[in-house]
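The values are calculated or read from the model by the stated rules, or taken from the named source; none is laboratory data. These numbers come from a predicted model, not from an experiment. When we count neighbours, we look across all protein chains shown, and the Cβ atoms used for this are built from the backbone with ideal geometry, even at glycine. Quick note on the areas: whole protein, heavy atoms, side chains included, nothing else; ligands and nucleic acids left out. Shrake-Rupley method; radii C 1.70, N 1.55, O 1.52, S 1.80 Å.
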Amino acid sequence: MKILTVVGARPQFVKAAAVNRVLCEKHTEVILHTGQHYDESMSEVFFRELDIPEPDYNLGVGSAGHSAQTGEMLIRMEPIFEKENPDWVLVYGDTNSTLAGALVASKMHIPLAHVEAGLRSFNRAMPEEINRVVTDHLSQLLFCPAQKAVGNLKLEGVTSGVHIVGDVMYDAVLRHSATAEKKSTILSSLNLESKKYLLATVHRVSNVDETQTLLNILETFGMLGETVVFPVHPRTRKAIQTAGFSLGENVKLIEPVGYLDMLWLEKNARVILTDSGGVQKEAYWFGTPCVTLREETEWVETVEAGWNVVVGTQRGRIIDAVRNVSPPAARPNLFGDGTASQNIVRLLENERK
Ligand code: UD1
Ligand code: UDP
């Protein structure tokens, strides 16, 4: 079986790394990197640390507005799909790279499989929500991390080819945690003590591109009275520089860190503040309480389990949530048992028989 995998943005490298390991035992995987993320710290470091083979193709699309970026991907992908003629195109998550892969595959009648299907924020102002909905409706195989995603798809009339497989990011966490502990020196290099700092990430358009919202988040970080380690996404770095914001002395702004350092920072943080999807789940798997800086989340299971609070960006709510975290003792397996990649490969194989 020949699988053509489309990746392009940071979280997709983590997800594809987990599946690649299993897929390559028996099958051929062609990796196509759209080039949506291109900084060393946003792309190459993940290929190196997670042992992902060098991409067979890199479209080098880079940054642009949604239409120009997605359009350029479509144009550059088509001849490659034609040449490779895979049995499946495999796409991950909800980025513009996901959407482009899905559109080209379906126009060319190549079977399409979507990992992380059925996730919904029910907020169509989010660019990711459009990408998810369209990709799910074009896919022949839909790999859901948990039951809620299946319910979301059902509400939209999507019931065929839908499977619960667990979450491939959990596979990656289980595989790499021990290495992170062994290799990461991030705590000592930043002079941090376990459980005595907060970890923050912010990159959602709604938080970054609204100057007043970003200013409020940064000012709130400065008022938390604890060290806040803040690996800053390039979108956010640019916005901070453009607006000329200064940060509180307790806020350690650092470049985006590699995956192993990130896992170790997450595990040792007292609380994580984030608007990332992946980081909310990783916080849960490490048993680190999470405060989500959004008005809604796709990962409602973590909220229902009591380990994640969704507070938006209002100062009082953020400060209150960080000071008063009180997660329960129980932390059940919400997104499978770490065998999502095996389940995905088995289902792809079965479908071809
Ligand atoms: C994208 C995804 C988002 C995902 C995130 C993961 C879309 C619509 N959004 O958002 O769902 O959560 O990736 O991190 O696909 N930039 C650099 N260097 C890079 C990459 C980006 O400087 O290597 C800067 C550029 O100024 C660019 C901006 O970051 O314009 C935003 O990048 P882009 O890929 O468009 O969106 P993300 O915010 O990264
Ligand atoms: N991540 C990382 N270094 C960082 C920030 C995030 O390795 O400085 C990892 C994080 O551990 C997770 C993934 O990137 O595995 C999440 O990506 P991101 O937050 O950019 O995107 P989202 O999940 O919101 O789509």
Revision key, fill the gap. Restricting attention to the range 231-264, the residues that are of a type outside the set (A, V, I, L, M), away from ligand 1 (no atom under 15 Å from the Cβ) and out of contact with any Gly (no Cβ under 7 Å at 6 or more places or on another chain) number exactly 7
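Residue-by-condition table, conditions (1) within 13 Å of ligand 1 (Cβ to nearest atom); (2) under 25 Å from residue 231 (Cβ atoms):
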{"residue": "7", "(1), (2)": "yes, yes"}
{"residue": "23", "(1), (2)": "no, no"}
{"residue": "40", "(1), (2)": "yes, yes"}
{"residue": "55", "(1), (2)": "no, yes"}
Check your understanding: What number of residues within the range 47-81 satisfy the criterion of being open to solvent by less than 20 Å² (accessible area, probe 1.4 Å) and under 15 Å from residue 234 (Cβ atoms)?
Key -> 2
Exercise for review: Report, by residue number, each residue of the range 87-109 that is in a helix (DSSP H, G or I) and either among the polar types (S, T, N, Q) or within 13 Å of ligand 1 (Cβ to nearest atom) (or both).
Suggested key: 96, 97, 98, 99, 100, 101, 102, 106
Review point. Can we say residue 196 is farther than 20 Å from residue 46 by Cβ and not in a helix (DSSP H, G or I)?
Key: yes
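Residue-by-condition table, conditions (1) among the hydroxyl-bearing types (Ser, Thr, Tyr); (2) assigned to a helix (DSSP H, G or I); (3) in contact (Cβ under 8 Å) with a residue 12 or more places away in the chain:
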site: 226; (1), (2), (3): no, no, yes
site: 236; (1), (2), (3): yes, yes, yes
site: 260; (1), (2), (3): no, yes, yes
site: 281; (1), (2), (3): no, yes, yes
site: 284; (1), (2), (3): yes, yes, yes
site: 288; (1), (2), (3): yes, no, yes
Review point. In this structure, is residue 200 farther than 19 Å from residue 277 by Cβ, within 24 Å of the chain's Cα centre (by Cα) and surrounded by 18 or more Cβ atoms within 10 Å (Cβ to Cβ)?
Key: no
Revision key, fill the gap. For residue 343, the lone unmet condition from (1) farther than 26 Å from residue 163 by Cα; (2) touching a Gly at 6+ places or on another chain (Cβ under 7 Å); (3) part of a helix (DSSP H, G or I) is (1)
Practice item. Being more than 7 Å from ligand 2 (Cβ to nearest atom) and either part of a loop (DSSP other than H, G, I, E, B) or among the aliphatic types (A, V, I, L, M) (or both) is the filter here, so list the residues in the range 262-274 that pass it. Key: 265, 269, 270, 271, 272, 273
Practice item. Tell me which residues, restricted to the range 203-212, are surrounded by fewer than 17 Cβ atoms within 10 Å (Cβ to Cβ) and either within 12 Å of residue 314 (Cβ to Cβ) or free of Cβ contacts under 8 Å to residues at least 40 places away in the same chain (or both). Key: 209, 210, 211, 212
Review point. For residues in the range 114-137 being more than 15 Å from ligand 2 (Cβ to nearest atom), under 22 Å from residue 69 (Cα atoms) and of a type in the set (A, V, I, L, M, F, W, C), which is most open to solvent (accessible area, probe 1.4 Å)?
Key: 125
**Study point:** Output for the range 28-46, where each listed residue is within 24 Å of residue 177 (Cβ to Cβ), open to solvent by less than 50 Å² (accessible area, probe 1.4 Å) and either polar (S, T, N, Q) or assigned to a helix (DSSP H, G or I) (or both)
**Key:** 41, 42, 43, 45, 46
Practice item. Inspect all residues belonging to the range 138-161 and state whether any of them is in a helix (DSSP H, G or I), open to solvent by 10 Å² or more (accessible area, probe 1.4 Å) and polar (S, T, N, Q). Key: yes
Check your understanding: Does the range 1-16 hold any residues that are within 11 Å of ligand 2 (Cβ to nearest atom) and either open to solvent by less than 10 Å² (accessible area, probe 1.4 Å) or in contact with a strand residue (DSSP E or B) (Cβ under 7 Å, 6 or more places away or on another chain) (or both), and which are they?
Key -> 9, 12, 13, 14, 15
Check your understanding: Within the range 282-304, can one find any residue that is at pLDDT 95 or above and within 8 Å of ligand 2 (Cβ to nearest atom)?
Key -> yes
Review point. Given the conditions (1) of a type in the set (Asp, Glu); (2) farther than 24 Å from residue 149 by Cα; (3) crowded, with 20+ Cβ neighbours inside 10 Å, which single one is not true for residue 25?
Key: (3)
Review point. Just a yes or no: is a residue in the range 287-307 over 28 Å from residue 225 (Cα atoms) and β-branched (Val, Ile, Thr)?
Key: yes
